[in-house]
Structure formats: structure tokens, C-alpha cells
1. Name the residue, out of 70, 17, 32, whose mean-square fluctuation peaks in a Gaussian network model built on the chain with Cα pairs under 10 Å.
2. Across the chain, how many lysine pairs, 8 or more positions apart or on different chains, have C-alpha atoms separated by under 16 Å? Please give the number.
3. How much length is gained if the chain between residue 30 and residue 177 is pulled fully straight, taking 0.36 nm per residue apart and subtracting their Cα-Cα distance, in nm to one decimal?
4. From the convex hull of the Cα coordinates of region 207-249, what is the mean projected area in square nanometres?
5. Per residue, what volume in Å³ does the Cα convex hull of region 140-198 take up?
6. Would you kindly state how much longer the chain becomes between residue 170 and residue 206 on full extension, computed as 0.36 nm times their sequence separation minus their alpha carbon distance, in nm to one decimal?
7. Could you sort 85, 171 by their accessible area in this structure, using a 1.4 Å probe and putting the largest first?
8. Relative contact order for the chain: what is it in percent, counting Cα pairs under 8 Å that are at least 6 residues apart?
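The values are calculated or read from the model by the stated rules, or taken from the named source; none is laboratory data. Since the model is a prediction, treat every value here as computed from it, not as a measurement. With ideal geometry, Cβ positions are generated from the backbone for all residues, glycine too; neighbour counts draw on all protein chains shown. What goes into the accessible areas is simple: the full protein's heavy atoms, side chains included, and nothing from ligands, DNA or RNA. Shrake-Rupley method; radii C 1.70, N 1.55, O 1.52, S 1.80 Å.
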Amino acid sequence: MSVFDHFAKEERPFVERALEMLTLAERKQAMRLTDFVDPRQWHIMKSLTSQVRDVKISASGGYEGAERMRVLIHPEYMEAEPEDFRLALLAIKADQRFHTLEHRDVMGALLHAGLKREKFGDMLTDVGTCYAIVAEEVADFVCTQVTHIHRTPVQIERVAWESFTPPAPRFAEKTITVPSPRIDAVIGEVHNMSRAKALVPIRAGKVKVNWRVTEDPSTQLQQGDMVSLAGYGRFKILQIAGPTRSGRLRMIVGLVT
């Protein structure tokens, strides 16, 4: 059985690239740094270390609990240092009296500027200020090229890691009732679309559950699951509260802001 047989079809290009980097680090006993990976890709890389010898992997997203991280592949005898991950912390300041910047606003602006998603990590929103963690090699480009987000003028500047306290995750809570925890039913209620309309992006591979593409509309969601729908953002199942009098299932979801 091939190592690729353990992964979904859409994951295999990443598996191939990761395995190539691991093999190269093993052969040359040198460091290799990846772009940002999501939690699923980090899990894949950890599983692939069984295919090489005398190689370790370390990861950092800039702060404890970061979702997206850069991975450093290095010989076992070497220790990773914070500066090895080449991370830059950017503060995004704007007058938010008329529009509060959200996670998807910041991500949309970075993508619109021409950056690939792999070049920036977590985006954190706080009262009055947003933060973006980006690869060092694109930090200056972001500071000079991103001047507006959602038609709001912004100023972007580097911030020292020593002065950074990550803001708590922000969710806009929404209570829904569904006939079952099927993903098509939940997406329909969260995003105010019919169940039939919700089927379209699911079958097109535009929905992820816990960072893994899910094309089966009958997938059962559980408390704690993170769901993303391309073009609509992400939400987390915060609580499954039990059935209503009519027999429907009550859920509390948190839309990432």
C-alpha cells in the first residue's frame, strides 16, 4: 500500500510536497521552512515523519494556540529558535466607527493584494485594532500595498512580538434549530439558504469540516467542529443543546468575526 492511499485525493498534492521536503532534509541534513499550514496539514506532516530518519519537525504561528503555523523541518540534533520561523506581526489600524473589520475582511484584502493564502497565518480582531501574522518575506509588501480594507482606509505597521497579547477569539453567536446535525441542514440554517442550495457548494468541494474537505451532505456535525464555506466564512458548533418540543435539534453556533 502506498503512503498516498492514507489520504484523500485532494490532499495528495500537499502530501507529495511535504514528503519531498522531508526527504530532502533527511538527505542533506539541512533546515527547510514551509509556508503556513492549517491544522489538518500539520497533522499530515507529523504522520509523514515516520517515512524519514533523523529528522524532526517544529511549528510556530507566532503565539501559543495559533491555528495556522509555519513548519520547520530540521535534523534531530538541531533545535528550532523563534526567529527560524520568519514570522512578522502586523497591526492594522482603522477608524471602525462605521464598519467593524472582521476576519474575512482582512483575509479578503490580503488575497486581493495578490498574496497566496499560504503566505499569511492567523488574523485576529480586537476592539479598534486587527492583527495579521504573515511570512517575513511579504511583510513589507503588505505594509505598503494594503491601504484599504472593505473601503475603510487602514494603516499597517510592524509590531514587536514582546508587546503582543493575542485577543480572545470573537464569535457572533447564533441559535438555530435543525431536523438533524447533517451538514447540509446546518449550513442552510446558518447561512439562511435552502437545503437544496446548500448541497451545491458541498458537492463542489467548497466546504471543510475541521480543515478537511467534506463532500458528503449527510456528514454529522459534532460540538466543537469548525466549518468553513468558501465565500461565506467560518462557524464553530459551540453547543448542541438538545431537542425542542417539536423534535428539532437546537444548536448554538459561533460565526467567526
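1. 17
2. Eligible lysine pairs with Cα atoms under 16 Å apart amount to 7.
3. 47.6 nm
4. Averaged projected area of region 207-249's Cα convex hull equals 3.6 nm².
5. 181
6. 10.6 nm
7. Numbers: 85 10, 171 75 Å².
Of 85, 171, the descending order of accessible area is 171, 85.
8. With pairs under 8 Å counted, the relative contact order is 14 percent.
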